[in-house]
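Engineer: Would you mind keeping the following structure in view while I ask a few things?
The values are calculated or read from the model by the stated rules, or taken from the named source; none is laboratory data. Everything numeric in this text was worked out from a predicted model, so none of it was measured. We place every Cβ from the backbone using ideal geometry, glycine too, and count neighbours over all the protein chains shown. Quick note on the areas: whole protein, heavy atoms, side chains included, nothing else; ligands and nucleic acids left out. Shrake-Rupley method; radii C 1.70, N 1.55, O 1.52, S 1.80 Å.
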Amino acid sequence: MKNFKELIVWQKAMVLVVEIYRVTKSFPDDEKFGLTSQMRRSGVSIPSNIAEGHMRTTNRDFRQFVAFARGSCSELETQARIAQELGYLSTPAFIKLDEKITEVAKMLSSFYAKL
């Protein structure tokens, strides 16, 4: 594969990032530098690590960056649950977001195992 943009897991992670930005837009202003920032950074980190790892010269290096992406995915899941507990995400919004996070997490785990 010549381009990381062809990877379905990268494409799904990009969709997830857009969703993160959409849902965090309605978070309270006092969370701008807190949970909003953290969720956005975790979300952006997922496709970014896939892209960076893809450009590495060995599968071992790529695998390490996929592992970083998996970690960011877990961070994001935790942060989304915190946002729900604080009332920043409605239950339906949380469920929709959690489904996307879970899908990307499963894809990353499968991809990691194949590298």
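Engineer: Could you list, in sequence order, all residues of the range 15-44 that are open to solvent by less than 30 Å² (accessible area, probe 1.4 Å) and assigned to a helix (DSSP H, G or I)?
Structural biologist: 16, 17, 19, 20, 23, 24, 35, 36, 39, 42, 43
Engineer: Got a sec? Which of 63, 70 is farther than 19 Å from residue 44 by Cβ and outside any loop (DSSP other than H, G, I, E, B)?
Structural biologist: Step by step, each of 63, 70 is checked, and only 63 is farther than 19 Å from residue 44 by Cβ and outside any loop (DSSP other than H, G, I, E, B).
Engineer: Restricting to the range 65-79, count the residues that are more than 12 Å from residue 105 (Cα to Cα) and surrounded by fewer than 16 Cβ atoms within 10 Å (Cβ to Cβ).
Structural biologist: 1
Engineer: Could you look through the range 10-63, keep only residues that are among the basic types (Lys, Arg) and under 15 Å from residue 111 (Cα atoms), and pick out the one that is modelled with the lowest pLDDT?
Structural biologist: If we take residues in the range 10-63 being among the basic types (Lys, Arg) and under 15 Å from residue 111 (Cα atoms), then 60 is modelled with the lowest pLDDT.
Engineer: Looking only at the range 88-99, which residues are open to solvent by 60 Å² or more (accessible area, probe 1.4 Å) and of a type outside the set (Asp, Glu)?
Structural biologist: Residues satisfying the conditions are 90, 91, 92, 95, 96.
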